[in-house]
Amino acid sequence: MKNILVVGGGGREHAIIMKLAESTHVGKIYCTPGNGGISRYAECFNVSATDIEGVVKLAKRLNPDMVVVAPDDPLVLGMVDALQSEGFMTFGPKKDAAIIEGSKVFSKELMKKYNIPTAFYEVFTESEKAIAYLKEQNSYPAVIKADGLALGKGVIIAQNEEEAVQAVHEMIDELKFGNSSARIVIEEFLTGPEVSVLSFTDGRTVIPMISSMDHKRAYDNDEGLNTGGMGTVSPNPYYTEEVAKECMEKIFIPTMKAMNAEGRTFEGCLYFGLMLTPKGPKVIEYNCRFGDPETQVVLPMLDADLYEIFEAVYNHNLDKIDIKWHSGACACVVMASGGYPLSYPKGLEISGLDEKGQTDNCFVYHAGTKLSDDGKFLTNGGRVLGVTARGEDLQSALDTAYKGVSQISFENAHYRKDIGQKALKALN
C-alpha cells in the first residue's frame, strides 16, 4: 500500500484526500497543515504549505511514496523541484511550469506567441502610462489584473474610469498585493458564459476533466465582492461537445505544446478558465493546480483511481489510463463566515456535523475549520465548508446539497441561495 503526503489545508485538499482514500493502492494519508475536517481522514502536521524546507524535512521523516502539492503558492515557489531533488515522487508542476499561474504577464505573452485565443491586453509598470491607456481606450468594463499571485483577489473589473484609476493606483503605487501588483495587465472585458475545465497532463497527453461552473460573487444574483468561489456545479451545460472539441484543438493541446516548446513542460493539473465569447472560446486565466471550489464538484464525478492517474502523470504514461466519469451532476454550496470576503470572526462552533465532520448524503469538504481541544469543529477561515452532493441530474444534486446546508449551522453563516440557477436555466 502507498502512503501519501498532501500539502495544503483547504476544501480542495480535503476533496483530493477523500478521493485518494477510495483508491485500493492507498494506505496511510498524511496532510500538512490540514484542517479540522481533514484530520478525520489524514494525519495532520503543523508545517505551513509554503515552508519548502519544512515540508521536505517532514517528507524525509515520513518517507511517503508520493507527495501531492496542491496549492498555487508552494508550486510557484518550487516545492516540487525541492522534493524531486530529494528523490520523492510528486504530483504537481515544477517551478518553471507553475509560472503559467504565477505570472499573468507570462501567460498572456505565451498565448500571444502561440496564437492561443485570449483577450486583447497591455502590460504596465507605471501608473501614469496605465491611466493614459485606460483614458485612450475609454472602454468599460475594463479588466485590471495583478501580475502575480494574490489569493484569487488580484483581478478588478472596473465599471468606469474612476474605478479603473483607483485600481491602478492601489496596485502599482500602493502595492496592494505586494510585489504581485508591481506589474499589471489591463485587458478587454470578454462576455459570454464562463467555464472551468481542469485537466490532467504529463506534457505528452492532456485529458480534460468534466467541466464546471463557479459562482465568484459573494451574494445572490452575482452581486457583492469577488470571492474565492461561493459554490460550483458540474458539468457546465454551456460546455457542449462541439465547444469541448474546439477547446481541445485551439486551447488545450496548443497550451501543452507551447509549454514544451518553452522548455517548461507542465506535469500535473492544468486549469483552464474559459469564456465562451460570441467569437469562440477564449482563455481568461490558467491555474497550475486544481481549482477551489471546482475540485469539490469534479472529483466526486471521477469514476477512476486518482492515485493511478497521479502516478501516470509522474511516469509520463497518462495515455495508458482509462479515465471515466459518473453520469448525472454534482453541486457544491459554500458556507462562509459572515463578513467574508472582508473581515470575519473565527472560532465559532459548528453544529450539525457527525464525528467525521460530515452530514447525511453529502460530502462536506472542510475549507476553514479547526478542532477544539474537546473535539468540536470550529470555524477558522472565510470559506468554512463546501457542502457537496451528487445526483442523477442537477436539480436533485442541488436539492441534496441545500438540504445538507440546512442541517449545519454556525453563527452568522452566509451562503448563496442561487447556486446552479444559471445552469438550470441553460438546461431548460
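The values are calculated or read from the model by the stated rules, or taken from the named source; none is laboratory data. The shown structure was predicted, so the numbers you read here are calculated from the model rather than taken from an experiment. Cβ: placed from backbone, ideal geometry, glycine included. Neighbour counts: every protein chain shown. Accessible surface areas use protein heavy atoms only, side chains included; no ligands, DNA or RNA. Shrake-Rupley method; radii C 1.70, N 1.55, O 1.52, S 1.80 Å.
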Exercise for review: Please give the number of the condition G36 fails out of (1) open to solvent by 10 Å² or more (accessible area, probe 1.4 Å); (2) assigned to a loop (DSSP other than H, G, I, E, B); (3) of a type outside the set (S, T, Y).
Suggested key: (1)
Check your understanding: Taking into account only those residues within the range 373-395 that are closer than 14 Å to G36 by Cβ, modelled with pLDDT of 95 or more and outside any strand (DSSP E or B), which is most open to solvent (accessible area, probe 1.4 Å)?
Key -> K376
Exercise for review: Enumerate the pairs (first residue in the range 330-358 and of a type in the set (K, R); second residue anywhere and open to solvent by 20 Å² or more (accessible area, probe 1.4 Å) and assigned to a loop (DSSP other than H, G, I, E, B)) with beta-carbon separation below 6 Å, excluding pairs fewer than 6 apart on the same chain, so at least 6 apart or on different chains.
Suggested key: K346/N380
Exercise for review: With the checklist (1) under 22 Å from G34 (Cα atoms); (2) open to solvent by 60 Å² or more (accessible area, probe 1.4 Å); (3) assigned to a loop (DSSP other than H, G, I, E, B) in hand, flag the one item Q358 doesn't pass.
Suggested key: (2)
Review point. Taking the range 77-115 as the region of interest, how many residues are open to solvent by 40 Å² or more (accessible area, probe 1.4 Å) and in a helix (DSSP H, G or I)?
Key: 10
Review point. Checking N226 against (1) in contact with a helix residue (DSSP H, G or I) (Cβ under 6 Å, 6 or more places away or on another chain); (2) closer than 25 Å to A367 by Cβ; (3) surrounded by fewer than 19 Cβ atoms within 10 Å (Cβ to Cβ), which single condition isn't satisfied?
Key: (1)
Exercise for review: Report the residue count in the range 156-180 for those that are loosely packed, with under 15 Cβ neighbours inside 10 Å and of a type in the set (G, A, S).
Suggested key: 1
Check your understanding: in a helix (DSSP H, G or I), of a type outside the set (D, E) and crowded, with 23+ Cβ neighbours inside 10 Å: does that describe L5?
Key -> no
Exercise for review: Quickly run through the range 65-76 and pick out the residues that are open to solvent by 10 Å² or more (accessible area, probe 1.4 Å) and part of a loop (DSSP other than H, G, I, E, B).
Suggested key: D65, P71
Review point. Which one is most open to solvent (accessible area, probe 1.4 Å) among residues in the range 403-415 that are touching a strand residue (DSSP E or B) at 6+ places or on another chain (Cβ under 6 Å) and not polar (S, T, N, Q)?
Key: Y415
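Any chance the range 116-127 includes a residue that's of a type in the set (V, I, T), open to solvent by 20 Å² or more (accessible area, probe 1.4 Å), in contact with a helix residue (DSSP H, G or I) (Cβ under 9 Å, 6 or more places away or on another chain) and in a helix (DSSP H, G or I)?
In the first step, residues of the range 116-127 are kept if they are of a type in the set (V, I, T); the result is 116, 118, 123, 125.
The next check asks that each one be open to solvent by 20 Å² or more (accessible area, probe 1.4 Å); those that pass are 118, 123, 125.
Subsequent filtering for residues that are in contact with a helix residue (DSSP H, G or I) (Cβ under 9 Å, 6 or more places away or on another chain) retains 118, 123, 125.
Among the residues that remain, those that are also in a helix (DSSP H, G or I) are: none.
Within the range 116-127 (the criterion being of a type in the set (V, I, T), open to solvent by 20 Å² or more (accessible area, probe 1.4 Å), in contact with a helix residue (DSSP H, G or I) (Cβ under 9 Å, 6 or more places away or on another chain) and in a helix (DSSP H, G or I)), the answer is no, since none of the residues qualifies.
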